[in-house]
Amino acid sequence: MLELKEITKTYNSGEEKVKALKGISLKFREAEFVSILGQSGCRKDYSIKYYRWIR
């Protein structure tokens, strides 16, 4: 099982801070199939990169 709690990600855009993720929690059961959907350019790849980093 994989569980992520209260994930946040903030980007700096010039002088402005942009909150891309705010308090996201996910829980995946063993052998569960998961799909990440979203519009082009919405940083779906970030979720995968983040998971690989914490692993």
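Observations on the structure shown:
- When the alpha carbon coordinates of the chain are projected onto the principal axes, the ranges are 43, 24, 17 Å, largest first.
- Most mobile listed residue (23, 38, 14) in the chain, GNM with C-alpha springs under 10 Å: 14
- Overall, the chain carries a charge dipole of about 60 debye about its Cα centre when +1 sits on the Cβ of Lys and Arg and -1 on the Cβ of Asp and Glu, all other atoms neutral.
- Our estimate of slack between residue 7 and residue 39, defined as 0.36 nm per intervening residue step minus the Cα-Cα distance, is 9.5 nm.
- Calculated mean residue ellipticity at 222 nm for the chain: -6000 deg cm²/dmol, from DSSP H runs with n ≥ 4 weighted as -39500 (n - 2.57), summed, divided by the residue count and rounded to 500.
Values quoted throughout were computed directly from the atomic coordinates according to the rules given, and no laboratory measurement underlies them. Given the structure is predicted, the values throughout are model-derived calculations rather than measurements. Heads up, the Cβs are rebuilt from the backbone with ideal geometry, glycines too, and the neighbour counts pull from every protein chain shown.
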